[in-house]
Amino acid sequence: MQMRPGDDDLLLIIDVQNDFCPGGALAVADGDAVVPVINRLAERFAHIALTQDWHPSGHSSFATSHPGAAPFETIRMPYGQQTLWPDHCVQGTPGAAFHPQLATERAELVIRKGFRPEIDSYSAFYENDRRTPTGLAGYLRERGLQRIFLAGLATDFCVHYSAVDARRLGFEAVVVEAGCRAIDLAGSLDAAWTAMAAAGVQRVKDVAAI
Ligand code: VGL
Ligand code: ZN
């Protein structure tokens with residue numbers, strides 16, 4: 001398959017926000033290392049979109065919203081199992097802002113997610129009930145964008161869910177590994193790569209591979 005990005009291709013940069021970088025509220029190990037990789041990658045794309053995790057304070061995915069619960073525990077929500085997180089990416093806070101070195105100027109769309117208090121949203125396409133759409137699929141279809149390259153944070157949550165949903169919706173999906181870093185909770189990174197492969201998500205190592 002032709003990997004070189006063309007006019008039907010989009011680079012979807014997932015959640016490269018301060019709270020997921022070292023020093024942030026839900027820091028991903030080495031999370032800021034994705035920034036130069038993604039900036040180089042972005043130069044190759046005609047179309048770029050960003051996602052931004054964007055929670056109201058008191059969001060139901062925050063452990064602090066569940067008395068007695070601790071971050072990284074799993075609870076049952078009406079829509080299924082949900083990992084609880086430290087408070088992060090609260091709307092309008094510095095932690096929710098994009099990493100200051102991320103080149104955001106050429107992005108054509110910023111899609112915010114996780115703004116409904118009662119439901120989390122890992123995927124750029126659907127909230128965690130896997131049925132409430134964000135609108136991104138309609139946007140991509142209307143613009144004739146068919147293949148989505150993904151990079152960002154975190155590999156095993158928002159990148160993973162977004163890539164699998166892209167396939168479920170009939171888009172091609174390619175994850176650029178060097179542009180991703182993982183949280184890796186209890187084997188979640190291995191499980192994510194397995195699930196992505198099963199869904200037909202392609203995996204490339206680096207910018208040089210495309
Ligand atoms: C994410 C956990 C909670 C992510 C967002 O961007 O992968 N993970 N919210
Ligand atoms: Zn979140």
**Study point:** Note, ³J(HN,Hα) from phi for segment 57-67, Karplus 6.51, -1.76, 1.60, rounded to Hz, x at Gly and Pro
**Key:** 5, x, 4, 5, 8, 8, 4, 5, 8, 10, x
Check your understanding: Tell me, Y122, Y139, Y161 in order of fewest to most beta-carbon neighbours within 10 Å?
Key -> Y139, Y161, Y122
Exercise for review: Pop out the ³J(HN,Hα) list for segment 102-107 in order, Karplus 6.51 cos²θ - 1.76 cosθ + 1.60 with θ = phi - 60°, rounded to Hz; leave Gly and Pro as x.
Suggested key: 6, 7, 9, 4, 8, 5
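Semi-axes, largest first, in whole Å: what does sqrt of 5 times each Cα gyration tensor eigenvalue give for the chain?
The equivalent ellipsoid of the chain has semi-axes of 26, 18, 16 Å.
Please rank M77, M3, fewest neighbouring Cβ atoms within 10 Å first, as an exposure proxy.
M3, M77
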Revision key, fill the gap. Rounded to two decimals, the Rg over Rh value of segment 36-94 from Cα coordinates and the Kirkwood Rh reads 1.16
Point to revise | Centroid-to-centroid separation of segment 110-130 and segment 1-71 [C-alpha atoms, Å] | key: 13
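Looking only at Cα atoms, what is the convex hull volume of segment 105-173 per residue, in Å³? Present the calculation step by step, with values, prior to reporting the outcome.
Numbers: hull volume 6.6 nm³, N = 69.
For segment 105-173, the hull spanned by Cα atoms encloses 95 Å³ per residue.
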Exercise for review: At 20 °C and 1.002 mPa s, grab the translational diffusion coefficient of segment 6-62 from Stokes-Einstein with a Kirkwood Rh over Cα pairs, rounded to a whole number in µm² per second.
Suggested key: 166
Practice item. Note down the relative contact order for the chain as a percent, whole number, built from C-alpha pairs under 8 angstrom at least six residues apart. Key: 24
Practice item. Compute the distance in nm between two label points, each set 7 Å from the Cα along the Cα-to-Cβ direction, one at A69 and one at E172. Key: 4.0
Check your understanding: At q = 0.09, 0.10, 0.16 Å⁻¹, what is the log10 ratio I(q)/I(0) for segment 44-167, with the Debye formula run over Cα points and no solvent?
Key -> -0.26, -0.32, -0.81
Review point. In deg cm²/dmol, rounded to 500, what helix-only [θ] at 222 nm does the chain give when every DSSP H run of at least 4 residues adds -39500 (n - 2.57) and the total is split over its residues?
Key: -5000 deg cm²/dmol
Review point. Under a 5 Å amide H to amide H cut-off, with H placed in plane at 1.01 Å, what residues pair with G152 once short-range neighbours are removed?
Key: I14, C180, R181
Point to revise | Between segment 169-185 and segment 141-167, the alpha-carbon center distance in angstrom | key: 7
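None of the figures in this text is laboratory data; all of them are computed from the coordinates on show. These numbers were taken from a predicted model, which means no experiment stands behind them. Note that we place each Cβ from the backbone using ideal geometry, even for glycine, and neighbour counts take in every protein chain shown.
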